[in-house]
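The values are calculated or read from the model by the stated rules, or taken from the named source; none is laboratory data. Owing to the predicted nature of the structure, the values given are computational and were not obtained by experimental measurement. No Cβ is skipped: glycine too gets one built from the backbone with ideal geometry, and neighbour counts run over all protein chains shown.
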Amino acid sequence: MLEVNRKKRTPLQIVLDYFASKGHKPFRFQRDTWKAYAMGCSGLVHSATGSGKTLAVWLGPVLQWLKENPNPCEWNPKSPPALRVLWITPLRALAADTENALRSPLEGMGLPWRLESRTGDSSQSLKAKQLKKLPTALITTPESLSLLLTHESLIPQLTGLESVIVDEWHELLGSKRGVQVELALARLRKFNPQLRTWGLSATLGNLVQARDSLTGPHPVQNVQIIEGDKKKRMRLDSLIPRKMDRFPWSGHIGTQMVPQVASLIEQVGSTLVFANTRSQTEIWYQHLLKHRPDWAGQIAVHHGSLDTSVRDWVEQGLKNGKLRAVVCTSSLDLGVDFSAVDQVIQVGSPKGSARLLQRAGRSGHQPGAESRLTFVPTNAIELVEMAAAKTAIQNGNLEARLLLNKPLDVLAQHVVTIAIGGGFQSDELLQEVRSTLVFQSLTQEEWQWVLDFVVQGGSSLGAYPEFHRVEKKGDHYQVSIRKIITLHRMNIGTIVSDASMKVKYMKGNTLGTVEESFVSKLKPGDRFLFAGKLVELVLIRDNTAYVKRSKGVPDAVPRWMGGRMPLSSELSQALRFKIQEASEGQFLGSEMKSLQSLFDLQAKWSALPRTNELLIELIKDRSGYQAFLFPFDGRLVHEGLAALLAFRLSRIQKTTFSMACNDHGIVLQSPHEIPIEKGIANGLFTTEGLQEDIQQSLNSTEMAKRQFRHIARIAGLIQSGLPGQRKSTNHIQASSNLFFDVFTEYDPSNLLLDQCRREVLEQQMEVNRLRDSVDRMEQSRMLITRPPKVTPLAFPLLVDKLRERLSSETLGERVARMQSELEKAATESN
DNA sequence: TATTCCCCGCCAGGGT
């Protein structure tokens, strides 16, 4: 290999020879990226799947180095070049894989570069070695990058940095982790103003914002957006239930489809089965195994609550082709190059077009290969969502990642980081911070508030020395107290974890974690599904639930309090169009065709709304009066809407409402007749006074307190303790509430409180979407119907409503009875 | 028998 390299070749020729040795030529977009890099540009490379992007950006700096070091005789692996490239990855698990992917061309070309990674689980000796001298290229996480910035001694090396490459930027964008990266990048650009910044991203709805948050709004060099691998072949289809007329109208587990899914799995070498929740993966795994007992050991389950050792085993099995199928959550959305995966199955609503695309891309993950995804509905109506997602993808309607606006908790953490890493002067750092997109409009007052906060804990914590983290000496801000430095380093980052408890075998192996609240409901002897196994609780000690293997049937499946994934607004919009098409008698594609008789029934008993209409169904039964509304705006918006409508209606007529929501609509229930028509005449759907009405209709203080835990933790008010020996959640929640109360009473102008209220509105209530939704309804024609029976659209809501009151057993009976009554009615009416 | 709610990160100097 070295012999070849000793010949005189141009840098590009060396790279082309490397490609030739792999049997192919570089793609056009890869060469374009190299060219842009050589010109000193920064930019963003995007495509739907990951193939080819890595080499496009990685070989930019490699070519640059070859240009500067044209003579292979002078290459000496014993003295590798100093730090040139930082590669940021959002996942620790990705660091090792990336290292392999990047090392291969270095070795192929015989380059003397030192390539290493550094994450929280790197060995202490490696980390210590790197603090003395960084490698030529370092792969690291956002958190570990911030940690590097706390070491003043590294500044000279970081000044020599030529480029930073941020992988999977779409994952970080729009999150506090992304903001943390933006601030770190501004720091690195301060050290070297010519620093090139490149991002790798999936295709998004807001690529320009994605680029600008990466390079800063006013980059010193030219910036580019490069589209990679355009012609990715993609096959998206749906598994239509064999007996569509017997397929349930409600529910979200969908195990009726297990036999059909099993026969799909059988047809190919390996399959990823995505489900939307962790408990769903456990249930599906069990059902698949029950259906095909011979697959024991050939299928597995993977989600975020499983122990790393379990997950590693599964990922390894996928890579080396030993596993036929893995049932997973979005824990396998990213990362690990599973070129072995032949097909992807999505069980349940995809919730967004970009997510569907991302998941499809997990199969056929090589240039030229076809990505295959099959959607499996868990209830009938979900098929419309798939039809809508396909349309959205076809029209290029992918979700935007909404950017955050000046999160001061992240800024406060960053300021302490910089104060530890050599200190700063106020004006200089302000200018640097303002060079990011997220903080470009930071005011002098806000900045001063952040400084006061880190220097003396703001205006209410002055008496407590532990909140005097940063010292101000003249115009220089710094940290010199050892304990503060260590504590800050241990708690760096913006991810705030939920309350959890380890699940361990008595023999010692850890299976993963569950929520305290789940375990607290179990008695010793209770059996539950976990990590694909049926286990029995033995005892709880030291924040650990000890279990043993069990036989029989589970008493429970853990329910983790995950984030709630509402339908994206792009998908909501596409869904409304699909229903409009149905109202016009258009049933395009297999999904819509399969639903024709269901929609006929909906139209017959009630109506199918056009996009400029709001469907309201009024039904009276033994339990009282019910109003079903169908804005199709996603669950979070509907929750806010339900509270808002109940609040506004009760101003017209004193009564109490109970409500339920799903991604499609809302049901309000009352013992009295619901004055919908009168309400509409009196501005039920007006945007006027919306904000005030929302504030009054929801317990926003309780929501704010919950949100404040995250802010307090990121801003450094609360330390969650050492990794591995965290303080209890109760303890953290209690101190977070204390801060919230103290600030509310003694320091009401505290900007973290402001931020907290904003985050509740924007993130928990999606207030902007809510406003759009009310605005749309205000302009819509009201389609009020009084159906003779519960309609297909209303049925799932009614079931949710019943669920609150009934035990699951009686609920099951009720649902089965309701469904069979409806089927009968449907047959008769056809 | 029926069951909705994702994911991600994290110290290091001085002592044996």
A:D342: of a type in the set (D, E), closer than 28 Å to A:V496 by Cβ and surrounded by fewer than 20 Cβ atoms within 10 Å (Cβ to Cβ), yes or no? no
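When the residues of the stretch A:561-583 are narrowed to those that are closer than 16 Å to A:A388 by Cα and in a loop (DSSP other than H, G, I, E, B), which ends up farthest from DNA strand B (Cβ to nearest atom)?
Step one: list which residues in the stretch A:561-583 are closer than 16 Å to A:A388 by Cα, which gives A:566-583.
Now restrict to residues that are in a loop (DSSP other than H, G, I, E, B): A:566-568.
Numbers: A:P566: 7, A:L567: 9, A:S568: 11 Å.
Within the stretch A:561-583, the match that is farthest from DNA strand B (Cβ to nearest atom) is A:S568.
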Would you check which residues across the stretch A:305-317 are within 24 Å of A:N100 (Cβ to Cβ) and within 14 Å of DNA strand B (Cβ to nearest atom) and list them? A:L306, A:D307, A:T308, A:S309, A:V310, A:R311, A:D312, A:V314, A:E315
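Which count do you get for residues in the stretch A:284-309 that are surrounded by fewer than 21 Cβ atoms within 10 Å (Cβ to Cβ), of a type outside the set (S, T, N, Q) and in a helix (DSSP H, G or I)? Spell out the reasoning first.
Of the residues in the stretch A:284-309, the ones surrounded by fewer than 21 Cβ atoms within 10 Å (Cβ to Cβ) are A:287, A:289-298, A:304, A:307-309.
Next, from what is left, pick out any that are of a type outside the set (S, T, N, Q): A:287, A:289-297, A:304, A:307.
Adding the requirement that they be in a helix (DSSP H, G or I) leaves A:287, A:289-291, A:293-295.
Of the residues in that region, 7 qualify.
Residues that are crowded, with 22+ Cβ neighbours inside 10 Å: list the helices (runs of 4 or more DSSP H) wholly contained in the stretch A:660-716 that include at least 2 such residues. Full working, then the answer.
Numbers: elements: A:676-681, A:690-697, A:700-715.
Because the criterion is at least 2 residues that are crowded, with 22+ Cβ neighbours inside 10 Å, the helices (runs of 4 or more DSSP H) in the stretch A:660-716 that meet it are A:700-715.
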Which ones in the stretch A:127-137 are out of contact with any strand residue (DSSP E or B) (no Cβ under 7 Å at 6 or more places or on another chain) and either near DNA strand B (Cβ under 6 Å from one of its atoms) or part of a helix (DSSP H, G or I) (or both)? A:A128, A:K129, A:L131, A:K132
For the list (1) touching a Gly at 6+ places or on another chain (Cβ under 7 Å); (2) not in a loop (DSSP other than H, G, I, E, B), I need the number of the one condition that A:N379 fails. (2)
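Looking at the stretch A:430-451 only, could you name the residues that are more than 24 Å from A:D747 (Cβ to Cβ) and of a type outside the set (D, E, K, R)? So that I can check it myself, show each step before the final result.
If we filter the stretch A:430-451 for residues that are more than 24 Å from A:D747 (Cβ to Cβ), which is where we start, we get A:431-432, A:434-438, A:440.
Matches in the stretch A:430-451: A:Q431, A:S435, A:T436, A:L437, A:V438, A:Q440.
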Exclusive hit being outside any loop (DSSP other than H, G, I, E, B) and more than 12 Å from DNA strand B (Cβ to nearest atom), set A:S263, A:S279: A:S263
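Test A:H170 against the stated conditions and say whether it is closer than 30 Å to A:S497 by Cβ and either surrounded by 20 or more Cβ atoms within 10 Å (Cβ to Cβ) or more than 16 Å from DNA strand B (Cβ to nearest atom) (or both). First the steps, then the outcome.
Values: closer than 30 Å to A:S497 by Cβ: yes; either surrounded by 20 or more Cβ atoms within 10 Å (Cβ to Cβ) or more than 16 Å from DNA strand B (Cβ to nearest atom) (or both): yes.
When the stated conditions are applied, A:H170 passes them.
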Specify the residue that is nearest to the chain's Cα centre (by Cα); the eligible residues are those in the stretch A:438-456 that are surrounded by 19 or more Cβ atoms within 10 Å (Cβ to Cβ) and outside any helix (DSSP H, G or I). A:V438
Checked against (1) out of contact with any helix residue (DSSP H, G or I) (no Cβ under 9 Å at 6 or more places or on another chain); (2) closer than 21 Å to A:M561 by Cα, A:S309 satisfies every condition except (2)
Restricting attention to the stretch A:100-126, report how many residues are within 14 Å of DNA strand B (Cβ to nearest atom) and closer than 25 Å to A:S21 by Cα. 1
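Please verify whether A:T54 is at pLDDT below 95, crowded, with 16+ Cβ neighbours inside 10 Å, in contact with a helix residue (DSSP H, G or I) (Cβ under 7 Å, 6 or more places away or on another chain) and under 28 Å from A:I155 (Cα atoms), treating the condition exactly as stated.
Details: at pLDDT below 95: yes; crowded, with 16+ Cβ neighbours inside 10 Å: yes; in contact with a helix residue (DSSP H, G or I) (Cβ under 7 Å, 6 or more places away or on another chain): yes; under 28 Å from A:I155 (Cα atoms): yes.
It is true that A:T54 is at pLDDT below 95, crowded, with 16+ Cβ neighbours inside 10 Å, in contact with a helix residue (DSSP H, G or I) (Cβ under 7 Å, 6 or more places away or on another chain) and under 28 Å from A:I155 (Cα atoms).
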Which residues, taken from the stretch A:59-73, are of a type in the set (A, V, I, L, M, F, W, C) and within 16 Å of A:L83 (Cα to Cα)? A:L59, A:V62, A:L63, A:W65, A:L66
Within the stretch A:526-538, restricting to residues that are more than 28 Å from the chain's Cα centre (by Cα) and not hydrophobic (A, V, I, L, M, F, W, C), the one that is nearest to DNA strand B (Cβ to nearest atom) is A:R527
Of all helices (runs of 4 or more DSSP H) completely enclosed by the stretch A:749-810, which ones contain at least 2 residues that are at pLDDT 95 or above and under 23 Å from A:P609 (Cα atoms)? A:767-779
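Suppose we filter A:K483, A:K504, A:K523 for residues that are of a type in the set (K, R), more than 10 Å from DNA strand B (Cβ to nearest atom) and either on the phi > 0 side of the Ramachandran plot or in a strand (DSSP E or B) (or both); which single one remains?
Details: A:K483 fails: either on the phi > 0 side of the Ramachandran plot or in a strand (DSSP E or B) (or both); A:K523 fails: either on the phi > 0 side of the Ramachandran plot or in a strand (DSSP E or B) (or both).
A:K504 is the lone residue from the list that is of a type in the set (K, R), more than 10 Å from DNA strand B (Cβ to nearest atom) and either on the phi > 0 side of the Ramachandran plot or in a strand (DSSP E or B) (or both).
Residues are listed down the side, and each one gets a yes or a no for (1) touching a helix residue (DSSP H, G or I) at 6+ places or on another chain (Cβ under 6 Å); (2) surrounded by 22 or more Cβ atoms within 10 Å (Cβ to Cβ):
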{"position": "A:A574", "(1), (2)": "yes, yes"}
{"position": "A:E591", "(1), (2)": "yes, yes"}
{"position": "A:Q602", "(1), (2)": "no, yes"}
{"position": "A:S606", "(1), (2)": "no, yes"}
{"position": "A:R610", "(1), (2)": "yes, no"}
{"position": "A:V637", "(1), (2)": "yes, yes"}
{"position": "A:Q653", "(1), (2)": "no, no"}
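Could you tell me which of the residues A:L522, A:L537 is at pLDDT 90 or above and of a type outside the set (S, T, Y)?
On the way: A:L522 fails: at pLDDT 90 or above.
The match here is A:L537.
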Give me the pairs, please: first residue somewhere in the stretch A:9-24 and surrounded by 15 or more Cβ atoms within 10 Å (Cβ to Cβ), second residue anywhere and assigned to a helix (DSSP H, G or I) and of a type in the set (D, E, K, R), beta-carbon distance under 8 Å, and either six or more positions apart or on two chains. A:R9/A:D17; A:P11/A:K67
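Any chance the stretch A:79-87 includes a residue that's loosely packed, with under 13 Cβ neighbours inside 10 Å, of a type outside the set (F, W, Y) and modelled with pLDDT under 95? Break it down into steps so the answer makes sense when it comes.
First, the residues of the stretch A:79-87 that are loosely packed, with under 13 Cβ neighbours inside 10 Å: A:79.
Checking the rest, the ones that are also of a type outside the set (F, W, Y) come to A:79.
Filter once more, keeping what is modelled with pLDDT under 95: A:79.
Yes, the stretch A:79-87 contains at least one residue that is loosely packed, with under 13 Cβ neighbours inside 10 Å, of a type outside the set (F, W, Y) and modelled with pLDDT under 95.
Would it be correct to say that A:L272 is at pLDDT 90 or above and buried (at least 22 other Cβ atoms within 10 Å of the Cβ)? Spell out how you get there, then give the answer.
Numbers: at pLDDT 90 or above: yes; buried (at least 22 other Cβ atoms within 10 Å of the Cβ): yes.
Yes; evaluated as a whole, the condition is true for this residue.
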Those residues that are more than 16 Å from DNA strand B (Cβ to nearest atom) and small (G, A, S), I need them from the stretch A:144-164; list them, please. A:G160, A:S163
The stretch A:612-630, residues that are assigned to a loop (DSSP other than H, G, I, E, B) and in contact (Cβ under 8 Å) with a residue 24 or more places away in the chain: A:N612, A:S623
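Can you go through A:R187, A:R177, A:R196, A:R211 and tell me which one is touching a Cys at 6+ places or on another chain (Cβ under 8 Å) and either free of Cβ contacts under 8 Å to residues at least 12 places away in the same chain or not small (G, A, S) (or both)? Please lay out each step first, then the result.
Numbers: A:R187 fails: touching a Cys at 6+ places or on another chain (Cβ under 8 Å); A:R177 fails: touching a Cys at 6+ places or on another chain (Cβ under 8 Å); A:R211 fails: touching a Cys at 6+ places or on another chain (Cβ under 8 Å).
Checking each option against the conditions leaves just A:R196.
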Select from the stretch A:244-257 the residues that are buried (at least 21 other Cβ atoms within 10 Å of the Cβ) and in a helix (DSSP H, G or I) and list them in ascending order. A:M257
Looking only at the stretch A:539-560, which residues are more than 22 Å from A:A499 (Cβ to Cβ) and more than 8 Å from DNA strand B (Cβ to nearest atom)? A:K548, A:R549, A:S550, A:K551, A:G552
